[in-house]
Amino acid sequence: MDRRRFHIVHDEQPDRHLVYIKGELDLAAAEQFRRAVEPLVDDAAKLLVIRLDELTYIDSTGIGMFVALLKTRKKQGAPFIIENVPPKVQRLFDLTGVSYFFSETNDITERVGGQS
Amino acid sequence: MKEHETVVQLSIPADAQFIDIARLTLYGLAAKMGFSYEEIEDMKVAVSEACNNAVLHAYNGKKGMIHLRFEMNAHSLVIVIKDEGKGFNYKQAAKQAAPLSAKPLEDVKVGGLGLFLMEALMDDVSVTTTSGTEVRLTKIRHQGEGEHAHECISSSSVQEQA
């Protein structure tokens, strides 16, 4: 029973952690996601980017984890952005209000980018 | 209306690894009924949220089952998600069921988000907690839109001829 429905790929670059998540980020995948991302979140020196191109499903479990990531990164004053959000995922981000916090961090990121 | 109801039932272990089976079943049945892609996506999330609550709160880490009942009517799909565990405090969750944007990020708590999503994505949500918890989710079939309208017309005219 190990045909995984969720995949995570991490690509470390000089200035950023690029994370690609694919498949279904639900309760069953939550622990795998947490384990993979936790060490990266604490690296405040680098930008954290999560790409959602191939994310086919998310619910409150995944959204809650994004909120936790946002909180941790904000406390550290470190930027965290999500990219390539599929429309059906974006719809849930909008409904729950989490997209509001993402636009906030994206603004910060732009300012940080402008200074460098 | 009730006489044309078709019921499909599914029982899964109250284990996160089986919630996708609930989604797959829902997808199959809702597609058969002619719901749109967006409506099916909405229902998938709502059903999963109810299952998530059963997995997380019903059985205190002990083994248990989740019973799903799909009631396919002419005008709606009703999905009943039931467990036999201790009742999840839906009343408490309902108080927190709100979108996140009303607060500063530091104060945001994600509890209640699942219930909020169920309410936002379905036409009706009702919860009973007598023996275990029973969540009843209703999605109305909005007929007369696009190509599905033709399917509905043809199926009803077939019924009239019979």
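Taken about its Cα centre, region A:42-101 carries a charge dipole of roughly 240 debye when the Cβ of each Lys and Arg holds +1 and the Cβ of each Asp and Glu holds -1.
Between B:Ser76 and A:Glu31, the simple label model (points 7 Å from Cα in the Cβ direction) yields a spacing of 3.8 nm. Projecting the Cα atoms of A:Ile21, A:Leu40, A:Ser60 onto the charge dipole of region A:15-63 (Cβ charges, centred on the Cα centre) puts A:Leu40 farthest toward the positive pole. Positive-end ranking of B:Gly132, B:Ala94, B:Ile66 along the dipole of region B:1-146, with charges on Cβ about the Cα centre, is headed by B:Gly132. Tell me which residues come under 5 Å, amide H to amide H, from B:Gly64 once H is placed; ignore anything under 5 positions away on its chain. The answer is B:Ala14.
Distance from the Cα centroid of region B:51-75 to that of region A:55-105 is 27 Å (rounded to whole angstrom). Only Lys, Arg, Asp and Glu carry charge here, each on its Cβ (+1 for the first two, -1 for the last two); on that basis region B:40-92 has a dipole of about 300 debye about its Cα centre.
Work out the FRET efficiency for B:Tyr37 and B:Glu106 from their Cβ-Cβ distance, taking R0 = 30 Å, and round it to the nearest 0.05.
Numbers: r = 37 Å, r/R0 = 1.23.
Working from the Cβ atoms, E equals 0.20.
If you take the square roots of the eigenvalues of the alpha-carbon gyration tensor of region B:1-133 and sort them as a ≥ b ≥ c, do you get rounded (a/c under 1.5), prolate (a/b over b/c) or oblate? Because a/c hits 1.5 or more and a/b fails to exceed b/c, region B:1-133 counts as oblate.
Take the Cβ-Cβ distance between A:Asp94 and A:Arg16 as r, set R0 to 30 Å, and report the resulting FRET efficiency rounded to the nearest 0.05. Calculated transfer efficiency: 0.70. Counting Lys and Arg as +1 and Asp and Glu as -1 over every other residue whose Cβ lies under 13 Å from the Cβ of B:Gly61, the net charge comes to +2.
Applying the criteria of a DSSP loop state and at most 13 other Cβ atoms within 10 Å to the trypsin sites (Lys or Arg not before Pro) of region A:3-53 yields A:Arg3, A:Arg4.
Every read-out reported here was derived from the displayed coordinates using simple, explicitly stated rules and does not represent laboratory data. Every value quoted in this text rests on a predicted model; they were computed, and no experiment measured them. Cβ: placed from backbone, ideal geometry, glycine included. Neighbour counts: every protein chain shown.
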